[in-house]
Amino acid sequence: MTRTALCFLFLALTLAPHASAQTSPYPDMATPQEKHLRNVHQLTFGGQNAEAYFSADSKKLIFQSSHGDVKCDQIFEMNIDGSDQHMVSTGKGRTTCSFFYPDGKKILYASTHLASPECPPRPDFSKGYVWAVYSGYDIFTANPDGSNLKRLTATPGYDAEATISLDGKKIVFTSMRNGDLDIYSMDADGTQVKQLTHELGYDGGPTFSPDRKSIVYRAYHPQTEKEISDYKELLAQNLIRPTSLEIWTMKADGSAKKQITNLGAASFGPAYTADGNRIIFASNYDPETHATGGMGNFELWLINPDGSGLERVTYSDGFDGFPMFSADGKKLVWASNRNAKAPHETNIFIGDWVP
């Protein structure tokens, strides 16, 4: 599955606008090895759908999708049974990384629509497998129905990958405003911006722990002269090569940074479990070879915040990624290629979590 622009990609076929869980194939779509999952069912059908995240009351999901006439990722909402799917972004440009404010009164997402109403060009894969870091991305808030759109960031370069703390006070996001891809925090209204990472390389996909004291994120920090040269050359073209990403944690103020994986693979999309005791993420790590399993096969994994206790969650061919737990920890939502009817089709799945 192809993925662009750091909160990643997804998208292009046909999504049934009002598909519900009742129309999804049964029995349970968990594979026999997926012991943590029960009553797995499909919420979207066709196209490329990803980054589905729960509202604080766990009754709704916000996600990005391209399907049918929607050629560029746009932001959609739906109920957790898959009903009432509708677009809430502008329909212009490309969007990514949407999230509900905890009080349910606003949504948060990034969009390129002010830079251009057209879809931005896809990255040049003649340079290998790369992601585009679209400089036109800025972060916006809106009412849950998409109205009252307000811009939170207005600095040159990429601003995206935003999530908000459970108390609704702080947003954490990735920005290139200082020439490198670093993580920043800001108040929920876009003020009081603070840079949290300063290491050369890509730091992104940040998410708060439930107690708001820690942040988990993905990172690539080039070390050798060749790695540094390659990273800088690509970044000058608004590209990065995401083949080596590790999971890191830090305190909410940016201190106490710690690398918790050392898998030598592309690990991303980390999120805390509802109790904050573990971290779930996606990776193409191959436990047989202890290295990358190739860019085509990603699974979900659990790990303790100290880096111990690595445990595989999904066992499904293709892509499984972008996991998030409901606030009570009883449900997991994620994106998967399972049951795809066309190449690269990615859909949203939800299931009961078995601790």
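The values are calculated or read from the model by the stated rules, or taken from the named source; none is laboratory data. It should be emphasised that the depicted structure is a prediction, and the values quoted were computed from it without experimental measurement. Glycine gets a Cβ as well: all are built from the backbone with ideal geometry, and neighbour counts include every protein chain shown.
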Pairs, first in contact (Cβ under 8 Å) with a residue 60 or more places away in the chain and under 13 Å from residue 174 (Cβ atoms) in the range 192-211, second part of a strand (DSSP E or B) and among the acidic types (Asp, Glu), C-beta under 6 Å, six or more apart: 197/182; 197/203; 204/161; 205/161
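For the structure I just gave you, tell me whether residue 81 is farther than 29 Å from residue 181 by Cα, without any contact (Cβ under 8 Å) to a residue 24 or more places away in the chain and of a type outside the set (Lys, Arg). Steps first, please.
Working: farther than 29 Å from residue 181 by Cα: yes; without any contact (Cβ under 8 Å) to a residue 24 or more places away in the chain: no; of a type outside the set (Lys, Arg): yes.
Against the criterion (farther than 29 Å from residue 181 by Cα, without any contact (Cβ under 8 Å) to a residue 24 or more places away in the chain and of a type outside the set (Lys, Arg)), residue 81 does not qualify.
Check the range 262-272 and report whether any residue there is part of a loop (DSSP other than H, G, I, E, B) and within 19 Å of the chain's Cα centre (by Cα). Reasoning before the result, please.
Step one: of the range 262-272, the residues part of a loop (DSSP other than H, G, I, E, B) are 262-265.
So of that shortlist, the ones also within 19 Å of the chain's Cα centre (by Cα) come out as 265.
Among the residues of the range 262-272, at least one is part of a loop (DSSP other than H, G, I, E, B) and within 19 Å of the chain's Cα centre (by Cα), which makes the answer yes.
Just name the residue that is farthest from the chain's Cα centre (by Cα) out of those in the range 74-103 that are in a loop (DSSP other than H, G, I, E, B) and under 12 Å from residue 142 (Cβ atoms).
90
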Failed condition for residue 92, given (1) at pLDDT 95 or above; (2) buried (at least 21 other Cβ atoms within 10 Å of the Cβ): (2)
Enumeration of residues in the range 169-224 that are in a loop (DSSP other than H, G, I, E, B) and polar (S, T, N, Q): 178, 191, 192, 197, 209, 223, 224
Qualifying residue in the range 196-219 (condition: farther than 30 Å from residue 263 by Cβ, buried (at least 20 other Cβ atoms within 10 Å of the Cβ) and either among the basic types (Lys, Arg) or modelled with pLDDT of 95 or more (or both)): no
Output for the range 244-261, where each listed residue is in contact (Cβ under 8 Å) with a residue 24 or more places away in the chain and either part of a loop (DSSP other than H, G, I, E, B) or closer than 25 Å to residue 330 by Cβ (or both): 244, 247, 249, 252, 253, 254, 257, 260, 261
Residues being over 30 Å from residue 59 (Cα atoms), of a type in the set (D, E, K, R) and not in a loop (DSSP other than H, G, I, E, B) - total across the range 104-157: 1
Enumeration of residues in the range 38-59 that are touching a residue at least 24 places away in the same chain (Cβ under 8 Å), under 22 Å from residue 162 (Cα atoms) and surrounded by fewer than 18 Cβ atoms within 10 Å (Cβ to Cβ): 56, 57, 58
Residue in the range 108-141 that is surrounded by the fewest Cβ atoms within 10 Å (Cβ to Cβ), counting only those that are within 17 Å of residue 173 (Cα to Cα) and free of Cβ contacts under 8 Å to residues at least 60 places away in the same chain: 136
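Does residue 24 satisfy the criteria of being out of contact with any Asp or Glu (no Cβ under 6 Å at 6 or more places or on another chain), among the polar types (S, T, N, Q) and at pLDDT 95 or above? First the steps, then the outcome.
Details: out of contact with any Asp or Glu (no Cβ under 6 Å at 6 or more places or on another chain): yes; among the polar types (S, T, N, Q): yes; at pLDDT 95 or above: no.
Spelling it out, it is not the case that residue 24 is out of contact with any Asp or Glu (no Cβ under 6 Å at 6 or more places or on another chain), among the polar types (S, T, N, Q) and at pLDDT 95 or above.
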Residue within the range 48-60 that is polar (S, T, N, Q), within 16 Å of the chain's Cα centre (by Cα) and assigned to a strand (DSSP E or B) present: yes
